[in-house]
């Protein structure tokens, strides 16, 4: 019992040392797994302090960048306006791009869409992450690249889960990419097998 009390005192001292604002808190959060929803979190002093620190860090870090635009936005469903709305316009701009980066700037989202594809697959009860990719795209089996064992894609060994977690797929320098447009057609026009 004494050891537990000492451990609690050490933990309490550590929290107080690293988070002094918590030591002066005049409230104790409710116990249990679900806390009540925040009411206008942007008005809370701790959130204001964090937003200010983020803004300062954003300004500091972007001052070293010359050719990449950056935007960060954070919005709570409990506030009317965004808590964070930061934008950086680089000094070197693409002649076809925007002149000023703001909340209305349209970005290319690139690989971020992979997350949405995986989320959609997780929500689809008929898709198992253990299924081989050939169950959904059987024509891939016919499209093996010519060449050595290193160039071959063993589609029957690749699962949906392996693709979703990025541990399987087609290498960037694979000869298989010569059939890129055909693969894109197959992926956008899947044939479901039963």
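The values are calculated or read from the model by the stated rules, or taken from the named source; none is laboratory data. Quick caveat: nothing in here was measured; it's all calculated off a predicted structure. Here Cβ is always computed from backbone atoms with ideal geometry, including for glycine, and neighbour counts include all displayed protein chains.
Points to keep in mind about this one:
- Among the residues of the range 57-69, those that are surrounded by 10 or more Cβ atoms within 10 Å (Cβ to Cβ) and within 22 Å of residue 83 (Cα to Cα) comprise 57, 58, 59, 61, 62, 69.
- Helices (runs of 4 or more DSSP H) within the range 81-194 that include 3 or more residues at pLDDT 65 or above: 113-123, 160-164
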